[in-house]
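Every read-out reported here was derived from the displayed coordinates using simple, explicitly stated rules and does not represent laboratory data. What you see is a predicted model; the values in this text were computed from it and never measured. Note: ideal-geometry Cβ built from the backbone for every residue, glycine included; neighbour counts use all protein chains shown.
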Amino acid sequence: KMSDVSEAMNKTDIKPKSMHRAKIWSDDVENLYRFQQAGYRDEVEYKQVKQVDKVECWPETGFVKKLQRRDNTFYYYNRQRECEDKDVRKVKIYVY
C-alpha cells in the first residue's frame, strides 16, 4: 500500500482516479479523517501542498499527530481514536 503512495508522490500534482466512502473504522480511515479535517484529501495531497517528506505521527498508534492547514495554523490530534463511528461514513477514500 505504501508503494502506491510513494509512486504517486513522484508525479507532481496527481489527481485521484476515484473516490469512495469509508464504511468501517480502521487505522487508515482514522488518518484520512485527520487529513480531511485539516483540509486535505489525504497524505499525498498534504505532502504536495506543504512540501514535506514526513508527517508527524504518534509512535504508539501510528496516527497523525500534527498537521498544518493551508492557512498555516496547526491541528493537533490525540494519540487515541478521534473519528467516531458516526463520522466514519464522512471519510473519503481516494484511489490513485
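Using the membrane-span-like helix rule (whole DSSP H runs, Cα extent along the own axis of at least 30 Å, mean Kyte-Doolittle hydropathy at least 1.0), which helices of the chain qualify?
none
At 7 Å along the Cα-to-beta-carbon direction for both Asn78 and Lys54, put a label point, then send me their distance in nm to one decimal.
About 2.6 nm, to one decimal.
What size of dipole, in debye to the nearest 20, comes out for the chain about its Cα centre when the only charges are +1 on Lys and Arg C-beta atoms and -1 on Asp and Glu C-beta atoms?
For this selection, approximately 300 debye.
For Lys23 and Asp71, FRET efficiency with R0 = 30 Å and r from the beta-carbon atoms, rounded to 0.05?
E(calc), rounded to 0.05, equals 0.40.
Please give the direction-averaged projected area of the C-alpha convex hull for segment 27-95, in square nanometres with one decimal.
About 4.6 nm², averaged over all directions.
Under the rule of at least 5 residues apart or a separate chain, name every residue whose amide H is placed under 5 Å from the amide H of Cys57.
Amide H to amide H, under 5 Å and 5 or more residues apart or across chains, Cys57 pairs with Lys65.
Considering the options Gln51, Asn31, Cys83, tell which one lies farthest towards the positive end of the dipole of segment 27-95, charges being +1 on Lys and Arg and -1 on Asp and Glu at the Cβ, about the Cα centre.
Gln51
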